[in-house]
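Below is one structure, written out as structure tokens; the observations come after it.
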2 protein chains.
Amino acid sequence: MKTENIPYKIYLNEDEMPKAWYNLRADMKNKPAPLLNPATHKPMTAEELAPVFCDDLVAQELDDKTAYFPIPEEIFNFYKMFRPSPLVRAYCLEEKLKTPAKIYYKFEGNNTSGSHKLNSAIAQAYYAKKQGLKGVTTETGAGQWGTALSMACSYFGLDCKVYMVKVSYEQKPFRREVMRTYGANVTPSPSETTNIGKKILAEHPGTTGSLGCAISEAVEVATTTPGYRYVLGSVLNQVLLHQSIIGLETEAALKKYNIKPDIIIGCAGGGSNLGGLIAPFMRDKIKGLADYRIIAVEPASCPSLTRGTYAYDFCDTGMVCPLAKMYTLGSGYIPAPNHAGGLRYHGMSSTLSQLYDDKLMEAVSVPQTEVFAAAEQFARVEGILPAPESSHAIKVAIDEAIKCRETGEEKTIVFGLTGTGYFDMVAYEKFHDGKMDDYIPSDEELQKSFATLPKID
Amino acid sequence: MKTENIPYKIYLNEDEMPKAWYNLRADMKNKPAPLLNPATHKPMTAEELAPVFCDDLVAQELDDKTAYFPIPEEIFNFYKMFRPSPLVRAYCLEEKLKTPAKIYYKFEGNNTSGSHKLNSAIAQAYYAKKQGLKGVTTETGAGQWGTALSMACSYFGLDCKVYMVKVSYEQKPFRREVMRTYGANVTPSPSETTNIGKKILAEHPGTTGSLGCAISEAVEVATTTPGYRYVLGSVLNQVLLHQSIIGLETEAALKKYNIKPDIIIGCAGGGSNLGGLIAPFMRDKIKGLADYRIIAVEPASCPSLTRGTYAYDFCDTGMVCPLAKMYTLGSGYIPAPNHAGGLRYHGMSSTLSQLYDDKLMEAVSVPQTEVFAAAEQFARVEGILPAPESSHAIKVAIDEAIKCRETGEEKTIVFGLTGTGYFDMVAYEKFHDGKMDDYIPSDEELQKSFATLPKID
């Protein structure tokens, strides 16, 4: 066991917690491309977004000038129930790997939603409450976002309607019950409660649903029910803004012990965690104050950065939402069964897409059996059972640490451990039983999917 | 929101963590009665216990003189991965209850085993490793103990054989998979791997097992396999010793902010959590240095302290283990289905039984629907989804806080939140659906059970 003066877990004091979110777009030289109206192909205005999203969130969504947004006191008080999250020195993993590298992880799983999603959920619920709304609607697949939003709405006394992909609703009853514990109304999608749901059920009797369908139902309810708005847990600029709390706390904890990272690693689905984790580090990189390697890790089955194309695309499979310019596999791409449900998204946040296009960050894709092997290795020495999503970052952190062992370099690696895997044991079971496959899409499949991209002048 | 200078979560620094466990028996005026050999009814000797338990643990078990046992460095380093655990000020719960009381809870759920069980599991695994053993055996019902032991054995490279009550093995596959993730060998009990298992299967084909049967199988394997010993997660003195880390940290955190508790509340099954939480506070009470109300909370369906009798009894249903003097419902008592699996034990640790008999602590029993209502109320404001076991303490803490609202007293209440309920959503679902019953045994049923007690001269 190494004995240095750096504790296993670095906790900031409450008075060291960040008081404002950081908006990375303000410091980007090449700004992310704006959302476009799918009908006119013109940039979406605040007025056009207002029927869907809360007013304050629309303002945050469209603002690429303001660098810091003060965190309202009510949100800060809620944060104090589960934040600051620890920055953990992985002493035991380092020893196991016999690496000279120093490995740290920012652990976001110590809250009941089980992930970082709560950071944005509580903010979005707060702004809905502030606007005097009755409630919000959303969709959920794996269930982390739905759980986080249920908790946030319960805290502010807001109604919460969650459309849960029917196959998940049936296969993950425990996730559903956690949401019900927080008073949320959980409906399997597609449902008879919406026009689009009825239409889909009529056309596809017995369908088990999809994320795209659930989004369409949630948006329909939000825009047709007085006092409701729709909220989303990833991809959007506002979400990356709220998630910057992860990176700001990480930065403060590192500075507290005078630690300078060399490599920063995060898993990437829609980009909520990665965008939040890297925000202050990318700021310093853009400003030339520091030079970090920043690595996005995505599943080989859904490789939007590493094998996608940079283009305007629909954010949802139902093609009702605005168009975003992003690295995408095409909104018609149906990711093969991958147990990291949170990474099964066809595109990537516009901000991260622009940074990747500007070569300010790297991306790698990894097959899921290797991800689960890394997850198990990590769990056995560090004690935490990681979510499959988070384990993508673990896999690459281990790979980089092994490279250090080979070269003898004492690099400092920081990765984001976004959550816990308590509700993912079916996937772990498949892994243990040797029944887990690695699906990698063919070039032909991707080319076919790219053909579904909208034509933008 | 109240704003005082006490943070939401009090974390000790690593250098403030306790360096030794505290053995409350050393300071008790009336010592707990010794374990008796079931054949001779004489006190068990170290030699008699050595084939079952590790040598160092036998020494701890029998020692009622030594007040402090230094925590070995290897265990301390493991503790640092998930300890210190936070002492949380329940500001939001206080506000919701409109109580002048100040409520704190010591939260032990922030580790993958999901409970305080890991505190003793790592100690027991360490001593097994130190003795050069190959592995350990144990039984598990609800699965928290089995999970904790799997994690501990994985860390020290020990083999871990878990006999899991068959009905739990089948109904809780996720618990099983967590244990497999940590490399444990999990066998549904009764099984064909032991003589006692074969015998039971022959006599009761199709049985779904019981804790008593699983204990018998685990003990048989430990005592007939070279290099193995049996370990247990509650009831024993050694377990309460290791769990004193909970109380010692709580004491240190309270002192750090000059907080003086009035009431200390813990749930009680076999007594591992309660015995650990109250240890240093009971010490001061015994020495006349402070006067606390100390309250044990048990389920109305399994009320060993509140309705049991104080007598020597078997620790296991199979009647193969030593006799312990304790408040008991009789080892033949089969608790009605109660979702707090960790509290379904017919007896209570000898130490706690003696303290209760000496009127140094109180006990109350609560019906489970009220427990789940308190759990849900707590989850919605404090963000943590509590285990059913822990929620017994929540229920009584809320009751006491409401009394303070009525009297206007600003009492300080501390309770133990032993773990999380992620693997208990079936019980929450029953509660949500109004399908949960409150079973309370009749006096006749208990009298019948008391008749099974062994006759000791």
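Which of (1) more than 21 Å from A:VAL136 (Cα to Cα); (2) in contact with a Cys (Cβ under 7 Å, 6 or more places away or on another chain); (3) open to solvent by 10 Å² or more (accessible area, probe 1.4 Å) does A:VAL235 not meet, given it meets every other one?
Of (1) more than 21 Å from A:VAL136 (Cα to Cα); (2) in contact with a Cys (Cβ under 7 Å, 6 or more places away or on another chain); (3) open to solvent by 10 Å² or more (accessible area, probe 1.4 Å), only one is false for A:VAL235: (1).
If I filter the range B:7-28 down to residues being open to solvent by 30 Å² or more (accessible area, probe 1.4 Å) and either closer than 25 Å to B:THR138 by Cα or part of a loop (DSSP other than H, G, I, E, B) (or both), which single residue comes out as nearest to the other protein chains (Cβ to nearest Cβ)?
Ranking the candidates gives B:TYR11 first.
What number of residues in the range A:411-456 are touching a helix residue (DSSP H, G or I) at 6+ places or on another chain (Cβ under 7 Å) and away from chain B (no Cβ under 14 Å)?
8
Which condition number does B:PHE107 fail, the rest of (1) in contact with a strand residue (DSSP E or B) (Cβ under 9 Å, 6 or more places away or on another chain); (2) not assigned by TED's automatic domain parsing to the domain that holds B:VAL414 being met?
Here B:PHE107 meets the rest and fails (2).
In the range B:201-215, which residues are more than 20 Å from B:ARG344 (Cβ to Cβ), in a helix (DSSP H, G or I) and modelled with pLDDT under 90?
The one that is more than 20 Å from B:ARG344 (Cβ to Cβ), in a helix (DSSP H, G or I) and modelled with pLDDT under 90: B:GLU203.
For the structure I just gave you, tell me whether B:PRO72 is away from chain A (no Cβ under 14 Å), open to solvent by 10 Å² or more (accessible area, probe 1.4 Å) and at pLDDT 95 or above.
Answer is no for this residue.
Which of (1) crowded, with 22+ Cβ neighbours inside 10 Å; (2) touching a residue at least 60 places away in the same chain (Cβ under 8 Å) is the odd one out, the single condition A:LEU118 does not satisfy?
(2)
Return yes when B:VAL381 is modelled with pLDDT under 95, within 14 Å of another protein chain (Cβ to nearest Cβ) and either surrounded by fewer than 24 Cβ atoms within 10 Å (Cβ to Cβ) or part of a strand (DSSP E or B) (or both) and no when it is not.
yes
Please work out if B:LYS31 is basic (Lys, Arg), away from chain A (no Cβ under 14 Å) and open to solvent by 20 Å² or more (accessible area, probe 1.4 Å).
yes
Let me confirm something: among B:THR351, B:THR309, B:THR317, which residue is assigned by TED's automatic domain parsing to the domain that holds B:HIS392, at pLDDT 95 or above and open to solvent by 10 Å² or more (accessible area, probe 1.4 Å)?
Of the residues listed, the single one that is assigned by TED's automatic domain parsing to the domain that holds B:HIS392, at pLDDT 95 or above and open to solvent by 10 Å² or more (accessible area, probe 1.4 Å) is B:THR309.
Kindly evaluate A:LYS285 against the criterion of being of a type in the set (D, E, K, R), in a strand (DSSP E or B), open to solvent by 10 Å² or more (accessible area, probe 1.4 Å) and in contact (Cβ under 8 Å) with a residue 12 or more places away in the chain.
Considered against the rule, which asks whether it is of a type in the set (D, E, K, R), in a strand (DSSP E or B), open to solvent by 10 Å² or more (accessible area, probe 1.4 Å) and in contact (Cβ under 8 Å) with a residue 12 or more places away in the chain, A:LYS285 comes out as no.
Hey, can you tell me all the residues within the range B:34-57 that are in a helix (DSSP H, G or I) and open to solvent by less than 20 Å² (accessible area, probe 1.4 Å)?
B:LEU49, B:LEU57
Output the residue which, of all residues in the range A:145-162 that are open to solvent by 10 Å² or more (accessible area, probe 1.4 Å) and part of a strand (DSSP E or B), is nearest to the other protein chains (Cβ to nearest Cβ).
My answer is A:ASP159.
Residues are listed down the side, and each one gets a yes or a no for (1) in contact (Cβ under 8 Å) with a residue 12 or more places away in the chain; (2) buried (at least 24 other Cβ atoms within 10 Å of the Cβ):
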| position | (1), (2) |
| --- | --- |
| B:VAL165 | yes, yes |
| B:SER168 | yes, no |
| B:SER216 | yes, yes |
| B:GLU220 | yes, no |
| B:THR224 | no, no |
| B:GLY227 | yes, no |
| B:VAL231 | yes, yes |
| B:VAL239 | yes, yes |
| B:LYS255 | no, no |
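Does B:LYS198 satisfy the criteria of being farther than 17 Å from B:THR138 by Cα and assigned to a helix (DSSP H, G or I)?
yes
The values are calculated or read from the model by the stated rules, or taken from the named source; none is laboratory data. In this text, all values refer to a predicted model and were calculated from it rather than measured experimentally. For neighbour counting, all protein chains shown are included, and Cβ atoms are generated from backbone atoms with ideal geometry for every residue, glycine included. SASA here: full protein model, heavy atoms, side chains in, ligands and nucleic acids out. Shrake-Rupley method; radii C 1.70, N 1.55, O 1.52, S 1.80 Å.
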